[in-house]
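Working notes, structure below.
Nothing in this text is a laboratory measurement; each read-out follows from the coordinates by a stated rule. Since the model is a prediction, treat every value here as computed from it, not as a measurement. No Cβ is skipped: glycine too gets one built from the backbone with ideal geometry, and neighbour counts run over all protein chains shown.
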Amino acid sequence: MREGMARGCVLIATTLFSRAAAAFLCTVVGLNCSLAATTPTQERCVDDFGAKGDGRADDTDAINRALSGGGTVSFTSGKTYRVRGAKVHEQTGLAIPDHTHLKGNGATIKLLDHQDKEVWQPCLIRLVEKTGVTIEKLTIDGNRMNNNPPLEDGDGGGNNIQLEGARDIKLIGVISENASTDGLYVADGWSVSGGKKSPTDGLFCESSCFTGNSRQGLSVISLQNAEFVDCEFSKTSGLAPEAGVDFENNWPYQVIREIEFRGCRMLDNQTHGVVFAIRRNICAGNVTFVDCEFRGNGKQPISLRAMKEGGRMRDILFKGGKADGSYILIGTPGHDCAQLENIVFDGMQLGTDTWIRYDGAKHAGSEQSLVIRRMKFTPSDNPPESGMVVLNDCDGVLIEDQIFPNSRYAAVRLKGRVTALTVRNCLFQGMKKEKGFHGVFFIRAQDRNTKVDQAVRIQNTRFMETPWAALLLDGSGDWRIAGDVTFTDCSRAQVSESFTGMLIDDAGPYSEGKNRAVSRYSAGEAAGAPKPAAMDSLSSD
């Protein structure tokens with residue numbers, strides 16, 4: 001009987017107050033307090049604590065009363081609850097304890113109007129070093145039309161959801177919209193352990209949408225061990241950089257690693273679908289995008305670059321999925337400050353006039369800096385002076401198992417300094433002949449400042465139905481074509497006077513079906529030196 005009384009006390013107290021109240025009540029009546037500590041807290045609806053959800057009243061205090069006990073806190077479907085924001089460095093807004101489950105049931109929480117212009121703007125949900133919080137089927141509306149963005153760019157708040165050194169957080173079926181800065185901002189905590197601030201560790205986000213926000217759908221400042229499944233980051237516009245997803249760690253204690261996106265969509269953002277902006281030689285690594293879409297974005301669908309201070313990126317994989325719009329940018333044009341290792345693009349479908357630009361980067365490891373394989377290019381009229389793949393001021397590139405379809409200009413173009421390019425197991429399928437253009441099919445190194453510091457290796461590769469030139473070599477460097485290379489129905493390959501050398505070993509069969517081995521050729525060896533016989537064999541003029 002006493003046990004039944006204890007359970008009754010626990011039920012009453014946890015429903016109306018908290019676990020602490022349950023323990024106090026048990027003590028008053030002289031019962032075993034351990035029952036209060038072990039009995040699960042029942043689900044509590046915020047309406048039972050005075051929340052109105054009429055879209056006008058300030059429901060912050062009522063919701064906090066429901067939250068005070070932790071456990072599961074529910075909202076009523078269809079209602080809109082207005083709340084005050086949680087300002088950075090202040091204990092305001094919603095106070096969410098550890099191990100709390102916010103069960104939205106399709107309800108909305110919306111930020112009240114804050115027209116005061118301050119550096120620190122309020123966040124709707126702010127979790128500082130919290131553990132085990134789940135937010136499910138809840139719409140979070142930042143009310144950006146009636147809330148000013150921070151006066152200073154940076155982590156000045158204004159985010160719908162802000163995680164700082166949080167652990168084991170789940171976002172399921174969440175809609176985060178209309179933030180004056182970011183739909184979701186993920187960073188390190190404020191406390192310092194062992195001289196380092198701790199990153200947010202353990203984030204699972206599924207079937208959630210971050211749309212119509214001002215600065216980013218998602219900002220990743222310091223995060224490890226995260227999964228995003230079937231999520232959307234869309235229609236970001238208003239405050240630079242206006243991307244769907246932005247990776248931007250700024251200090252040595254901030255980390256970006258072990259993050260996976262599966263079946264996610266980066267759509268219709270003002271600038272980039274996803275951008276890496278890494279600085280101060282900080283490493284971002286082990287980030288994977290599988291079957292994701294990058295469509296309708298205003299600038300590059302994908303941009304991997306370092307800031308001027310320099311930054312390192314490694315083990316970043318884009319596998320499958322789709323991208324359209326402008327070019328995919330890898331590197332930092334004009335600065336040569338990005339350090340890259342094992343950046344892989346594998347099997348992605350690219351839209352009309354979408355190409356890959358690798359520009360301004362250093363190889364930073366034992367593996368290739370960039371790997372391109374099985375990408376699905378769409379035949380198109382690419383812009384002048386471009387190609388399907390353009391390499392400039394970079395090194396350590398591998399192109400393999402790749403088909404380049406019919407194109408108007410170059411399939412692969414070299415510019416500036418290019419070091420250690422390997423092309424193997426590829427097929428180049430013809431191109432359109434355009435008057436006034438070289439119609440270069442494979443490599444266009446026409447720029448006079450082009451320098452190839454190491455050999456370009458072409459292995460097990462076929463060139464088919466090229467009406468102009470399989471290779472246009474107009475630059476300087478040592479070129480090596482080795483292995484089973486086939487030229488089929490090609491008109492000719494050109495070697496300009498500025499070309500310093502070429503070595504062809506067992507490069508055949510050619511269009512005649514014969515193997516031809518040609519020794520090193522250099523235009524500077526003697527006046528009027530003949531071109532390699534292999535080059536003549538390609539001509540059908």
*Any chance you could run the full-extension gain for residue 230 through residue 258? It's 0.36 nm times the residue separation minus the Cα-Cα distance, nm to one decimal.*
8.3 nm
*Hey, which of these cross-link pairs are over 27 Å Cα-Cα: 170/197; 299/319; 130/235?*
130/235
*asked:* Which of 123, 426, 209, 292 has the fewest other C-beta atoms within 10 Å, and how do the rest follow up to the most?
replied: 209, 426, 292, 123
*Where Lys and Arg each count +1 and Asp and Glu each count -1, what net charge lies around residue 287 among other residues with Cβ under 10 Å from its Cβ?*
-1
*Would you mind ranking 222, 198, 77 so that the residue whose beta carbon has the fewest other beta carbons within 10 Å leads the list?*
77, 198, 222
*Divide the volume of the convex hull of the Cα atoms of region 221-357 by its number of residues and quote the answer in cubic angstrom per residue.*
93
*asked:* Counting other beta carbons within 10 Å of each residue's own, what order do 398, 391 fall into, fewest first?
replied: 398, 391
